[in-house]
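The values are calculated or read from the model by the stated rules, or taken from the named source; none is laboratory data. In this text, all values refer to a predicted model and were calculated from it rather than measured experimentally. A quick note on method: Cβ atoms are made from the backbone with ideal geometry, for glycine too, and the neighbour counts reach across all protein chains shown.
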């Protein structure tokens, strides 16, 4: 990954840090250059001051050829036993018109009458400089690649020059002081860095974090699952804040669109199921009419065995229920239904009893309804059978199924409870949708049909798990005040 | 160096006396002064020169107090940095006594009388040492110093000026041109410093000053090396102005000669690096006279 492709999370603190370090180095560097220049200027100034004083006192001594007096004067600025100070001269000496040493602070290195050219170091260059230069004025000589700085002052009075005073400074002597200044500067720089770098890091993170989150969110936007970015991530109204607002708007739009699509898909699926069911109902309805007609004929013939008559009645009510169920699916065909009687509930009991016995599940049947209830019998039978079939399937052997039916406040209340395991969360959420089955082999239409039926009757159905029971409760409004 | 000033009253009084007594003979005025001055406040003035290590101030103060207690008069030391100044003071009659180098002593001729001669290592003699820098291994004598930078101590010094010049003359050379460069340091001690620092290649030093310096400042003499020792000459003497009364002459001579006999005196002699004083004889300076004659100065 190229450096410029790196995350802003790194780039902002890095660039900021680099800029701060560069500034600190540049400022410190400039300070050091300035300090060095000042040091040099100070040296030259103090040197010239010392030189002028010395020249004044040296003049009579040199004029009278009092070499020892001149030597004592010239040696005075040197403090014996003290380490060399930056502003103190390394050597002070006087040369005559022929550039020979008249007196020097270091006679061993610069013996009396020695020509300046023979003194080594950069003195030959100085000799050339002095020969060419104006020796009646103060001057400063500094040669390339030389560690020395020379200040020359004429030893003269009333235009009579007896010699030229040379004060030589070693630039090495600046270094300790320069280093101490530089060290101080570096310390200040480090302090500034120590303060600014964490601030920069914090600021960089603050700047980068929302941008990074936004970029991530924008990436997800394309995939259709935009993350919710909390408003607290960036609470300001600047350009970045506006970007955030725009992102949130876009994300909200996308989520609404996705929900709408989901809903449409659901509706389409339901419509398809409806058409299928209508087709099946139509096919079932024709033979059903024939069967009901046959039963009617049988009844009109009269004088039937009572057992046969009971079975025929049972058959008729069952077929009637089928006709009503199918009729419900056939939106266009309105089937005239009869009101619910206690017999209908007994029928359901009779129909389901064998299955319960087979599964070794006990029935607890508590019916407290009037002889006749103003509600279509077929729908109630269908609802009850569906719920009971589910309950029988869901209850393990030895369990119990409790059925309660009652009326009150103008409603028929049904409750089917079984001691089975609670419904899994995933199943419960989509319990009343088609093709959702809680058990293997189920087609998942039972509860959906039940739900559609209840809804059609203007009632409510709910499922919950309480006191070790899975409980389905249905509440249906009664027609008129037949109750 | 802080020159000890004359008490203001004394100076003014003397100025007045000099003004009115201009015609009086030099010999007469101390008596006149004695007549006007009570004995108790009389002051003997002694000139000191670089003939010895004269800038040991506490030693000078102790010695002065010693002399005052023994003499019963005030004593004033007048140190000067060149012989010429002390000679001028003697000429002007502003000193009663002086510790001089033998060259100025002889130069002043009748103006001064020999009072006492210090004993150096038991004898009233000293020498001139020829010294070079300790690291300068080549020269072994004056003959090797042609073209050198030479430090003289004082133009009226015997061992520091007359002796080396006489030596050069003995070599058949002209002392004025023999050296490349010469200069005066105005004291033997500074002449040693000149050689030690490299300012001069060589110098001639009073052996007594050298030996004393070796004791009190060995780090200085250690940077130099003796390459030649001259013959013995009479030690720099204590001289009395010819105007000094016989009584004062005898008094100071007695105190000086008696220093070795009491505890304080012995202690002072030890600090002066001397063994005592003797009355001495002018003949011990005959060799100096010979050298001075060679330069036409006697």
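Listed by position, the helices (runs of 4 or more DSSP H) enclosed by segment A:377-483 that each have at least 3 residues that are under 23 Å from residue A:340 (Cα atoms) and modelled with pLDDT under 90 are A:377-394, A:446-456. Only one of the numbered conditions (1) within 14 Å of another protein chain (Cβ to nearest Cβ); (2) farther than 21 Å from residue B:288 by Cβ; (3) out of contact with any strand residue (DSSP E or B) (no Cβ under 6 Å at 6 or more places or on another chain); (4) in a helix (DSSP H, G or I) is not met by residue B:176, and that is (2). Checking the stated criteria, residue A:156 turns out to be more than 14 Å from chain B (Cβ to nearest Cβ), part of a strand (DSSP E or B), surrounded by fewer than 19 Cβ atoms within 10 Å (Cβ to Cβ) and in contact with a helix residue (DSSP H, G or I) (Cβ under 8 Å, 6 or more places away or on another chain). Residues satisfying the criterion are present in segment B:224-241 (criterion: in contact with a strand residue (DSSP E or B) (Cβ under 6 Å, 6 or more places away or on another chain) and within 14 Å of chain A (Cβ to nearest Cβ)). Evaluate segment A:278-298: report whether one residue or more is without any contact (Cβ under 8 Å) to a residue 12 or more places away in the chain and under 39 Å from the mean Cα position of the chain (by Cα). Within segment A:278-298, not a single residue is without any contact (Cβ under 8 Å) to a residue 12 or more places away in the chain and under 39 Å from the mean Cα position of the chain (by Cα).
Among the residues of segment B:194-215, the ones that are surrounded by fewer than 23 Cβ atoms within 10 Å (Cβ to Cβ), within 14 Å of chain A (Cβ to nearest Cβ) and part of a helix (DSSP H, G or I) come to 2 in all.
The strands (runs of 3 or more DSSP E) falling completely within segment B:90-162 that include 1 or more residues that are closer than 21 Å to residue B:273 by Cα map to B:97-99, B:112-119, B:128-133. Scanning segment A:392-433 for residues being surrounded by 17 or more Cβ atoms within 10 Å (Cβ to Cβ) and free of Cβ contacts under 8 Å to residues at least 40 places away in the same chain gives a total of 4. Across segment B:179-189, the qualifying residues are those that are at the interface with another protein chain (Cβ under 10 Å from one of its Cβ atoms) and modelled with pLDDT under 90, and the one among them that is farthest from residue B:50 (Cα to Cα) is B:186. Residues that are at pLDDT 85 or above, assigned to a loop (DSSP other than H, G, I, E, B) and under 19 Å from residue A:57 (Cβ atoms) were ranked within segment A:85-105; the one that is farthest from the other protein chains (Cβ to nearest Cβ) is A:96. In this structure, residue B:163 does not satisfy being more than 16 Å from the chain's Cα centre (by Cα) and either more than 14 Å from every other protein chain (Cβ to nearest Cβ) or crowded, with 24+ Cβ neighbours inside 10 Å (or both).
Only residues that are within 14 Å of residue B:103 (Cβ to Cβ) and surrounded by 18 or more Cβ atoms within 10 Å (Cβ to Cβ) were counted in segment B:250-286, giving 2.
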